[in-house]
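K.L.:
Questions regarding the structure given below will be posed in turn.
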Amino acid sequence: MALLGEETELPYERPPLSKDYLAGAKARDDFRFRSADFYAERGIELIPGERVKTVDPEARSVRCASGRTITFGELVWTAGGRARRLPGAHAIRTLADVDALKDELASASRVLIVGGGWIGLEAAAAIVKQGKKVVLAEREERLLARCSGRALSDFLAARHRAEGVDIRFGGPSPDPADFDLVIAGIGIEPEAGPLLAAGAEGGDGVAVDELGRTSLPHVWAAGDVALHCNPFGPDRPIRVESVQHATDQAACLAKAIAGDPRPYAAMPWFWSNQFDLKLQTVGLSHDHDEELVRGDPASGRFSILYRRAGKVIALDCVNMVRDYVQGRLLIERGTRVAPDRLTDPDLPLKTLVD
Ligand SMILES: Cc1cc2nc3c(=O)[nH]c(=O)nc-3n(C[C@H](O)[C@H](O)[C@H](O)COP(=O)(O)OP(=O)(O)OC[C@H]3O[C@@H](n4cnc5c(N)ncnc54)[C@H](O)[C@@H]3O)c2cc1C
């Protein structure tokens, strides 16, 4: 078995890049998945620094940018995505990105962050705490417009402003020349090109079925790049960018390859840390038609329940671990509960489940 990747680092976790590593609270060796020995002891050959340019499903081989050709029995494509870049701006996707950013950040006093999604917000929190002047420009009229409801957007905007982040909505971005450092947190492009060029179905990602199979024989895909029908998602293929999804979908296809096929059915979850806020999401809120706030956002502890056709499909929880843990039962069971009961913080969510 071989694990091939374009980066030269031992595999590492990405979440600390925009959180503790950027804030200086973690060192680069603190978030590697495993030591080199771990892979060697299990017969996993690491092939770092190789970028696959083309895939030949007939010959069962990949060709790398270096000219090297590698054959496979089964190919698992977990190539994630590439950060969308803006000229002259830093991105936050890889350890190398953040090392380059930190080198310049040390002497910067005015920082512009373009994009008010999770990564832009986490970066803003980590950098404003270092005493820098931070402007965050979001082209929509609210934060997290792509993935969360209005109540969370408003709460986070107020909190970031209270911490000193200058948030600007809509309109053109401020002039980068007015800043010492610019960071773009404007999403990723899925790294699907080599598979699509080889004839795989897809578009915004590579299409996979419930076991992680692409339309090409002996080629599988999982994680950020995989366009799939999520059992907790809307009625159309989507990509999910989270650690939970990457690890659970990869485990699902690994079992299928090993002869134990079971459809992917893991409950989605996600987290983010900003200042002293522990944000936790369970379920997927796509296409919700109702947003209920449980608890008082002014207290800094509350949850938002998203419903579709009367059923709870997702929760965003802010410093509310109990709701996060119990809310998944509501999603799993599809229980219909009256809104006034769902929003009563004195009623534990688990007592509302059939
Ligand atoms: C800064 C940051 C913070 C995050 N925080 C959170 C969080 O708090 N919670 C959460 O749930 N999720 C978080 N995520 C998302 C999470 O890290 C991703 O969903 C997860 O890493 C996806 O894993 P993956 O294996 O699909 O792709 P990736 O992690 O992107 O791995 C893909 C690998 O493939 C390599 N590659 C790409 N193309 C090629 C090619 N052609 N040839 C060879 N190699 C290639 C890449 O270099 C990369 O090493 C965060 C992501 C980032 C960037």
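K.L.:
Inside the range 64-82, can you point out the residues that are more than 11 Å from the ligand (Cβ to nearest atom), in contact (Cβ under 8 Å) with a residue 40 or more places away in the chain and open to solvent by 60 Å² or more (accessible area, probe 1.4 Å)?
P.N.:
GLU74
K.L.:
A further question on this structure: Restricted to the range 261-270, and to residues that are free of Cβ contacts under 8 Å to residues at least 60 places away in the same chain and in a loop (DSSP other than H, G, I, E, B), which residue is most open to solvent (accessible area, probe 1.4 Å)?
P.N.:
Among those that are free of Cβ contacts under 8 Å to residues at least 60 places away in the same chain and in a loop (DSSP other than H, G, I, E, B), it is ARG262.
K.L.:
Can we say PRO194 is open to solvent by less than 20 Å² (accessible area, probe 1.4 Å), on the phi < 0 side of the Ramachandran plot and more than 12 Å from the ligand (Cβ to nearest atom)?
P.N.:
The answer is no for PRO194.
K.L.:
A follow-up question, please. Go through the residues of the range 128-137 one by one and say whether even a single one is in a helix (DSSP H, G or I) and either surrounded by 18 or more Cβ atoms within 10 Å (Cβ to Cβ) or more than 13 Å from the ligand (Cβ to nearest atom) (or both).
P.N.:
Yes: one or more hits.
K.L.:
Looking at VAL98, is it open to solvent by less than 60 Å² (accessible area, probe 1.4 Å), among the hydrophobic types (A, V, I, L, M, F, W, C) and either at pLDDT below 95 or within 9 Å of the ligand (Cβ to nearest atom) (or both)?
P.N.:
Answer is yes for this residue.
K.L.:
Just checking, which of GLU189, GLU241 is within 11 Å of the ligand (Cβ to nearest atom) and part of a strand (DSSP E or B)?
P.N.:
None of the other options fit; the residue is GLU189.
K.L.:
Within the set of pairs 6 or more residues apart or between chains, which connect a residue that is under 17 Å from VAL206 (Cβ atoms) inside the range 246-260 to a residue that is open to solvent by 50 Å² or more (accessible area, probe 1.4 Å) with Cβ atoms less than 7 Å apart?
P.N.:
As it stands, the answer is ALA250/THR78; CYS252/ARG262; LEU253/VAL76; ILE257/GLU74, since those pairs meet every condition given.
K.L.:
Here's another thing I want to ask about it. Could you count how many residues in the range 138-173 are in a loop (DSSP other than H, G, I, E, B) and buried (at least 16 other Cβ atoms within 10 Å of the Cβ)?
P.N.:
Counting residues in the range 138-173 that are in a loop (DSSP other than H, G, I, E, B) and buried (at least 16 other Cβ atoms within 10 Å of the Cβ) gives 9.
K.L.:
Scan (1) of a type in the set (A, V, I, L, M, F, W, C); (2) away from the ligand (no atom under 15 Å from the Cβ); (3) open to solvent by 20 Å² or more (accessible area, probe 1.4 Å); (4) assigned to a loop (DSSP other than H, G, I, E, B) for the single condition ALA108 breaks and write down its number.
P.N.:
ALA108 satisfies every listed condition except (3).
K.L.:
Looking at VAL282, VAL206, VAL312, VAL293, which one is in contact with a Lys or Arg (Cβ under 8 Å, 6 or more places away or on another chain), among the aliphatic types (A, V, I, L, M) and outside the structural domain of ILE127 (by TED's automatic domain parsing)?
P.N.:
Result of the check over VAL282, VAL206, VAL312, VAL293: VAL282.
K.L.:
Filter the range 271-301 for residues that are open to solvent by 50 Å² or more (accessible area, probe 1.4 Å) and in a strand (DSSP E or B) and give the result.
P.N.:
Within the range 271-301, TRP271, ASN273, LYS278, GLU290, GLU291, VAL293 meet the criteria.
K.L.:
Something else: Of the conditions (1) surrounded by fewer than 16 Cβ atoms within 10 Å (Cβ to Cβ); (2) touching a residue at least 12 places away in the same chain (Cβ under 8 Å), PRO87 fails just one. Which one is it?
P.N.:
For PRO87, the failing item is (2).
The values are calculated or read from the model by the stated rules, or taken from the named source; none is laboratory data. What you see is a predicted model; the values in this text were computed from it and never measured. So basically every Cβ, Gly included, is an ideal-geometry build from the backbone, and we count neighbours across all protein chains shown. To get the accessible areas, we keep the full protein, side chains included, count just its heavy atoms, and leave off ligands, DNA and RNA. Shrake-Rupley method; radii C 1.70, N 1.55, O 1.52, S 1.80 Å.
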